[in-house]
Every structure is written in C-alpha cells, then in structure tokens.
RNA sequence: GCGGGCGUGAUGGAAUGGUAGACAUACGGGACUUAAAAUCCCGAGGGUGUAAACCCGUGCGGGUUCGAGUCCCGCCGCCCGCACCA
C-alpha cells in the first residue's frame, strides 16, 4: 500500500465527533470523593470580552496538556473553567449599544464557551462558574461580611485615584504612569469614604511566605517583594523652634539611615503635610508651590520627575544631637505624604535626592560615613552621594562604629529621650503595600452588602437578607453609578432599628471576584463559600498558568484572600498556588498600506524567500511589513482561532502553540508554522494508517535484530523524556522528542514494508502505539482516531501513560568522543561501563591521537566513564 | 536610577561544566508528475583544501578548568518590571 491510497485525516469530522464522546461519557468530570491522588490544574479564567483569541488558545492548551498527562498518570485531575464576568466593558457596551450588561455578558460567555469547546480542552464544564452569577457573588458577600466581623475590613476617608472617564476609583495598582489602567485617562486625586480590605495586616507574612513558593518564577516573587516594599527604619521627633504661624511643637520624620543624623542639613515635609497646609493658608507663595506640587505629582509624574524642588517655610527645628544647632524646614516636592511620616531629614552626603536638593538650595554637605580605605581629611562628596558601607565619623559618640552599630546606638539613645511627652525615636518597619480599596462606583459588580442608617450607622446586611441582588432595571444614560440613580433599589429599612435607610451603592473591585474563584471551583454549588473538607483536599492549585501581567495584582490579592479565608474558617491554608507558570504572548507581524492604515494578516499575501514581499490580496498594492507585536485589535495583527480551527483543526493549532518557542517566551504566529504543524499531523496519521495494515497479531520484538533494538531504544527514550518535559512544562522539547520518534518510526516502517519479520512488526506495533499516546495530550482528537484505527475500543484519553523499560534506556555499546587538549579529534566505540584500561587502549590506538602525541606519552588522560575522554598532550 | 532576564546558523530554538547548532521553519538539489501542488530522499555555521584533514566560530575583553554557550570578573546591546518609598 502506498501513501496515496490513504485518505487524509479530516479534523472537521473527527474533532466534533470525539468532543461529543468525551462530553457524553463525562470523561473530564472530577469527583471530590475519588480516592486517587488529587491534582489541580488551573489557567487564569478569561474575561468574557466576546471572542477568544490566540493567547487563550495557548494558555488553555498548556494547561490541558498537563491535565491530560496527569490523568494518564493516574491522578484525580481537577481542571475547571469559568468567567471573570463583572467589570466595566459590559457597562460600556450597555452605553454604546443599548444592551443590558447581563445579556451582553451571558451572550459572550455562550460564544466563548462554544469556542473553547471547539479546541478540545479537557475541562470539567459541570463546575463552570461566572462571577456575575448571583449564586457566586452571594457567597462573596458572605465572605465580605465574615471578613468584616474578623476585623479585616475598614471604612475610611481617603484620598483616592479617581478615573474621570470611567468615573470610578482605582487602586494604586491600577494606576499606570498616572493613568487609569483600563481607560488610559489621567487620574485625579479625590477624597472619598471607601471600603478597604486590610491587606497590610498580612504584609510581613505575604513577604516572608514568598520564600516558600519555590515553584513560582523568581521574577514574580521579586516583583511582589518590591511591591510590598518593606523597609526598616526609625521615626524621629524634631522639636520645632517656636513660631507664631503654628501651634505645632515638633515634626516627625521617618528614616532608614538614623546613623547619618550628624550629617543632616535640613528637614523636608510633603506638600500634603498638615503643617504645609497650615502654613500655606498664611502664605500665598507657599500655597502656590503646594498646588504646583500636587499638579506635577499626578499629571506629569513621568516627565519631569528628576527636578527636586522645595520652598523654605521659615521654620527651623533643633538638631536633636547638636545642642544649639538648627535645621531649616522645607516643603519639598519629592517627599510623599503616604509613606513613612510624610517628612524626612536630609543628609545630602549619603542620599542622592537629598544631595540634589542641597546643591540646588546651597545647603551644607557633611559626610559622616567614611568608605573603607578613604582618608578622613580628604574624603569629599561631589555630585554623587555615598551610599555604601564604611565607618561613621564627624559624629561625636558614633565615631568609629559601622553603620549597623550606629543605627543601634541611635535607637538606644532616642528611646530614652522624650519630645512632647513621647519617646523621641522608635524603630519602625514600613511597607509600601497599602490596604486594598475595593469600592467602585459602578453597576456591574458585586454589591457591598451593608446598609447606611442615620441612627445606627453602617450596618451589615443580615444573613437572612442575603444575597443583595443587583436590580435588572437600570439605565446608563447618566454618568456615574446606575445603582445610585435607581429609583427604589437603595431605599430599605434599617436591619437594626427598622427606620428608613439606604443601601451601599458601591460595588466591589472585580479583582475581589477573581481572588477566590479557584476555591469555589472545588465545590461550585455549595450553599457556603466553600466546603472545608473538600476545598482543603483540592487546594493548593498544583499548577496555575497565566499571563505575567497578573504578577502583582491578582496573585497578591489571591494570596491575601486565602489568608483571610483561612482566618475566617473557610479553608485551611495560606498559599493558594503551589506552582505558578507565566506564559508568553502570541505575537505577529504587522502590516501597513501606503496610507499608513493597518491591515490584518487575512488581507495580506506574503511571498518570496529571503526577501519577503507583502501585497494586499485584493488590490495587489504593496504593503509594508512592520515590527512583530502582541496580537491586538488596534494593529489588526490578529488571527482568529475560529478560522484556524475551521481551516486546520484544533489539534494543528494546539500543536503549533506548543512547538518551537519555550512556553514562557513569546511565540510568533506564522503561516509557515501552522502549515508545518498541519503537515506533521497528516504525517502521523499516514504513519499510523500504514502501520495498521502491516501489524497483525501480536508477536514479541526480536532484540537480536539491530534495527529492532534501535527503534525500541528510541521509543523508550521518548517515553522517558516526554513525560518529564510535559511535567516541567517544557512543551517545545517534548514536541522535538516526538518529531524524532516519528522520523525514526517512519524509517522503521519503510524497513517493515520491505523486510517484515514478526519481531519487527511487534516493535512497530509497540512504537506506533507509544507515538499515539505521546501525541495524545497535545493532539487529542487525532490520537483518539489513531487509537481506534489501531483496534482499540476504549479511549486513549483514558489509557495509562506508558512506562519506559529501564533496560532499554541503557545503551550496550557507546560511542564516546575523544578530545585532545579539549578539542574533539575522534571517537571510540566501547561497551557501556568499559574499564579504564580498555578505554585507554582504544584511545591511544586512534590515528588522530597518535598523530598528536607524536610518539611521546600523554601528560594526562581524563576519562569520564561512558561520557568523554580527553587526552592532554 | 534600582531590580530581573536575555544575547547561539537565514529564522524559532536545543545543549546535568563533557561531540555546539538536536528538532522545526525557510532555502538549495534530486525522485515522482505532461506540469504544478502534495509526498519522499539528500544537503547545509564560516573558511582553506582535489581529498584526507585543518583553522575559526555561542555579543565583546579577561579569568577559572584537562575541558566553558554553560561558572567568575569587567564591558556593550536588547527586553521586562518598579521608580522621588527617605
């Protein structure tokens, strides 16, 4: 039989067929009472924006390969899917297209669910949740009330980041370069009363536990460490020289370098410091300066930040260690009110910012830390502050100490003194991490379940009145929060006194929704947020996969939520994600026509070899090939998964997404790449189809036949390697191994075709079955068709992963490279585990070696058993 | 500025300190075909040479080692994150 007579594999027929089989046999439904070892694979759930994109295909395929592999390993695999379904785009769509957010969202979900099913993901759809389901957010409200009871929720007035386009509050994390992360609008500062989750209560633990997350990328851990931003320092009180303009008698500063106090030459306070505000009210010039600082602080932070500006207040403080000496007090634009005490002392010699400031305003620069080896009389600080280690000098009782010792000495000194009746100094740990403001003035989010009563204050909604359900009849014709505009929804009776009261109309930040969905998946229909016995069995997630863009926000919030749920008894662990993997993006070339308009790949035909030329398919006009960028609608460099599945099938798309590029790196979508994947799929099918006609009744492989032994060693080596590669998420390497196996089997098949023996056919049978199994997590539909073609009546999806025969992983004869002075000059063939003597004899008899030795004996002979020989001449 | 990562053929990329370039893509040659596509086979880092063989080669410069893409030191370039956090 020749290849031509075999029909091509048709994914359009085979893929829906197997999807139906898996669906009907509930192949991927996970049971919590299954006694096998649990394994939880999770990919970050999508926002239902309308359609899936190639990034989703890549992300979910990776998770699916791992999930299917772990199933084959005999694990009880949980691999669920859901929807991060609340959020602004639904409201924007409502405003733009006059559709209801709910209808819009659920329609999108239906479309995307269908798309995800079409790529053959082994998901447990019986556990599907959408965060906008009442059943989901009802439980979220319970969690909120439990957190409230446990003291993990705060309500406070605070300056917030206000997005004037989205008309809502943003968390610090959602402000990027002074702009809203979604709208891109310049963010303004406003004072509002807000609900906060007390993330900062866990700052130390969130930081410390990062060390235990050894299956997280180091990069993500570093980012979180920086975000938490721990610094250990001191609060210090400086006594103010009496002044008629203020009643204040002291200024408190925060410093991490109390050892440099003798080098202090000024004190600077933030423009938002209460003292600045007080003085500004009496000094128009200062008031202008303060306004200017605020404007620059929010609007142009990125542009002009190098400039250190300040304004002298006219006030002085006493130097706490130098009786009689005073320091001027400035308002400075580089001092932040939100951090530390909102005030600092400046030691220009040892802090670059302070030095820039001192040079600008002609303040003294006195070095007090002497670098090791430097000369005390000649050491000077020019335009660069010295921040390194050294000995303290110019500092009276601190002289000669190292920095740490001086810090301890200062702490001891000030703890014993008082200013305004308080200790003058105390050690303090500061974190950059703030509490998490979750109030959003939006409709499409989880209502915050509290009621405001004039007489009773803020009252939690009682259990019996839960859930607080979003009203359906809302309008979007006015700016602001539709819940607030609703004629009746917010008006309720106070649960405590029965008098008239109003509901909280703020809803929760959607990051709340995604902070515990992984726990909900373990028992998605429970009448409580979790069922502890079950959630504790499944969690932590063994492998979480998603984009690195969530390295800080989502992952930090989820870690906080898990701790908060632990404290409130909903589960019994602190870290939700044992393994984390951040996959790269899908990128594509960009195309522009002569007018500079972006063109989509579908509109463009690219031809040529070395020098590629692009033309507009319809008009033939020349098209410029631009840079390779992340697929995005704005640059039109997108490829639609539906079209790819329709043209090539899901398996081809999956295979291509896993080939070539390491999963953590970006992958470039190319026509040649997807074509190559498609060719390989057909090659596997032809190999299987032809092998099927040869392989008859089972025999025993004949290991005395060299070709048989070679192919069997390849087969078993592949089993051993592919499993490890999938487990380590090195899919590109697994793919390469499978290519090698396929190439080897194709050659062996040719041999069997012309010179068949029962022993060879048995080895062919074994090899092709292994190939089908190796391929099955990645191209599951093809694998099922092949498996059935090989006479199997059960699913390959249910088949246990084959085991490599250790005896076949050991080569009996080894080819060992021989180097002379580190350069490869030849090779010898010896039995595995050959003795030193034998190897030496073989090596010395090599022509190349003899030539290099030129009659003399080698200086040294390095033999690494079974690996390499190096002759030193 | 600080922190992290990465520099390997035409391209994507392989390589526990042990044969650099696996595997794939593109390319070239051949077979099949009236022809093309598809498929199959072969070739290929650069250089010298008829050949055997030899020299050079993982961003650059040093070092450690019998042996360095890999480890160390110093540069250069690119990417990502954070950024007046005292």
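Contact order, relative form, for chain A: 13 percent (alpha carbon pairs under 8 Å, 6 or more residues apart, mean separation divided by residue count).
Each stretch of four or more DSSP H residues adds -39500 (n - 2.57); spread over every residue of chain A, this sum gives -11000 deg cm²/dmol at 222 nm. Here the range A:703-738 and the range A:302-370 have alpha carbon centers that stand 66 Å from each other.
The alpha carbon centroids of the range A:546-572 and the range A:776-843 are separated by 43 Å. Taking 10 °C and 1.306 mPa s as conditions, the range A:1-120 diffuses translationally at an estimated 94 µm²/s according to Stokes-Einstein applied to its Kirkwood radius (Cα pairs). In chain A, the DSSP beta bridges split such that about 80 percent are antiparallel, to the nearest 5. Helix A:553-567 and the longest principal axis of the Cα set of chain A meet at an angle near 80°. Cβ-to-Cβ counts within 10 Å put A:811, A:380 in ascending order as A:380, A:811, the fewest first.
Inter-part distance, the range A:54-95 to the range A:440-505, computed on C-alpha centroids, equals 33 Å. Measuring r between the beta carbons of residue A:244 and residue A:621 and using R0 = 60 Å, the FRET efficiency lands at 0.20. Listed from fewest to most Cβ neighbours within 10 Å, the set A:647, A:700 follows the order A:700, A:647.
Counted by neighbouring Cβ atoms within 10 Å, the residues A:137, A:591 run from fewest to most as A:591, A:137.
Laboratory data are not the source of any read-out in this text; all were calculated from the coordinates shown. It should be emphasised that the depicted structure is a prediction, and the values quoted were computed from it without experimental measurement. Glycine also receives a Cβ, built like all others from the backbone with ideal geometry; neighbour counts cover every protein chain displayed.
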